[in-house]
Amino acid sequence: MGAQIRVYRQKISSTTSMRKIFKAMELIATSRIGKARARVAASLPYANAITRAVSAVASQSEIDHPLTTEPENIRRAAVLVITSDRGLAGSYSASVLKQAEGLNELLRAEGKEVKTYLVGRKAQAYFDFRNRPYGRVWTGNTDAPEFATAQEIGAALLEDFAIDFEEGGVDEIHVVYTRFKSMVTQEPTVIRLLPLEVVEEQATSESELLPLYEFEPEPEQVLNALLPRYIESRIFAAMLQAAASELAARQRAMKSAGDNATDLIKKYTRLRNTARQAEITQELSEIVAGADALAS
């Protein structure tokens, strides 16, 4: 009986230590989510402005540009999957990977090869464990992304988009990430970056019209200069959305884990008290039995 009490005490002690860790991680995520949301909001004006500029160039000029023209035969597609570097965020990374798997199945069903690019150690571990090939991987600071990383990713994707299929090039580029809607809602999302599908981060009013531009130099040169920046801004916006979603998911997961730890502590405390009461009852019974034996 004493050994059972010691086991419950050890469980209570270890669970209490884990609850402290969960609480600390919840507080860290809570303190950082505000900054992450502010970065998402700050990125929207630039992303919308450059989106409108690219829309104007693409719609107001009749040019045959490879970045805006749909290929007749799409043979290979690039898929950029944005996950997290660390765990303890609930089903955050698993949901993104599940969305990516669905996209890969759809692309293969259409007869397209898939070339995968990864962001985050969770995606890298997922593909390494299954011995699946991938093009490149970027890790580090997924919960606080840097624009330099988005520039590097954009340059790599555009480089593969520019070369021929026979040399390992791709005909279209997709991004799979988690869109941050609110603290309780984050949605795995797929967008196609190239060939260009202009989608603004915020809806504009129906009466708002695209401005009229006079292009100097030629529209094709303007498009050549704008599109790399457009791709970088869209990738960086996706990374910021993913970072906010990761922190929100971790905050919820750690709060739930802390609550479960509290329930376990209460459960183990009741079991320890029950075992202690049973031990005391047994000791009293032995004392009474010994006294009766001496009296008789």
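Given a Förster distance of 51 angstrom, what is the FRET efficiency for Val288 paired with Lys23, based on the Cβ-Cβ distance and rounded to 0.05?
0.65
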Just subtract the alpha-carbon distance of Lys267 and Asp164 from 0.36 nm times their residue separation and send over the number in nm, one decimal.
30.7 nm
I'd like the Karplus ³J(HN,Hα) series for segment 165-178: coefficients 6.51, -1.76, 1.60, θ = phi - 60°, whole numbers in Hz, and an x wherever there's a Gly or Pro.
4, 5, 9, x, x, 10, 9, 8, 10, 10, 10, 10, 8, 10
Rg [Å, one decimal], Dmax [Å, integer] - segment 222-279, C-alpha atoms
25.0, 84
Amide N of segment 8-29 lying under 15 Å from the label point, which is placed 7 angstrom from the Cα of Leu88 along Cα→Cβ
15-29
Please compute the modelled spin-label separation between Glu220 and Ser13, points set 7 Å along Cα→Cβ, answer in nm with one decimal.
7.6
Segment 159-189 versus segment 264-289: alpha-carbon centroid distance in Å:
60
Under a 1.4 angstrom probe, counting protein chains only, how are Asp85, Asp164 ranked by accessible area, largest first?
Asp164, Asp85
Name the trypsin sites (Lys or Arg not before Pro) in segment 21-125 that are in a loop by DSSP and that have at most 16 other C-beta atoms within 10 Å, would you?
Arg75, Arg86
In the calculated pair distance distribution of segment 109-152, what percentage of Cα-Cα distances lie above 15 Å?
50
Dividing the alpha-carbon radius of gyration of segment 1-48 by 2.2 N^0.38 Å, where N counts its residues, gives 2.18
Taking the Cα centre of segment 4-43 as origin and charging only Cβ (+1 Lys, Arg; -1 Asp, Glu), how large is the dipole, in debye to the nearest 20?
80
5 angstrom amide H check on Arg179, placed H, neighbours 5+ away:
Glu187, Thr189
State the extension gain, in nm to one decimal, for the chain segment bounded by Val184 and Arg108, taking 0.36 nm per residue of separation less the distance between their alpha-carbons.
24.0 nm
Carbon and sulfur together cover what percent of the accessible area of the chain at a 1.4 Å probe radius?
53
Between Rg and the Kirkwood Rh of segment 9-160, both from Cα atoms, what is the Rg to Rh ratio?
1.07
Placing unit charges on C-beta atoms (Lys and Arg positive, Asp and Glu negative, everything else neutral), compute the dipole magnitude of the chain about its Cα centre in debye, rounded to 20.
2680
Over all alpha-carbon pairs of the chain, lay out the pair-distance distribution in 10 Å bins, whole %, shortest bin first.
6, 22, 25, 18, 10, 7, 5, 4, 2, 1, 1, 0
With label points built 7 Å along Cα→Cβ from the Cα atoms of Lys255 and Thr69, find their separation and express it in nm.
5.3
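On full extension of the chain, what length is gained from Thr281 through Arg76, given 0.36 nm per residue of separation minus the C-alpha to C-alpha distance? Write down the numbers at each step before the final one.
Values: separation 205, 0.36 × 205 = 73.80 nm, distance 7.49 nm.
Value of the extension gain: 66.3 nm.
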If exposed GluC sites (Glu not before Pro) are those in a DSSP loop with at most 14 other Cβ within 10 Å, what is the longest stretch of the chain that has none?
215-296
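The values are calculated or read from the model by the stated rules, or taken from the named source; none is laboratory data. This one's a predicted model, so the numbers in the text were calculated from it and none came from an experiment. Don't worry about glycine lacking a Cβ; one is built from the backbone with ideal geometry, like all the others, and counts go over all protein chains shown. The protein model used for the area step is the full one, side chains on, heavy atoms only, and it has no ligands, DNA or RNA in it. Shrake-Rupley method; radii C 1.70, N 1.55, O 1.52, S 1.80 Å.
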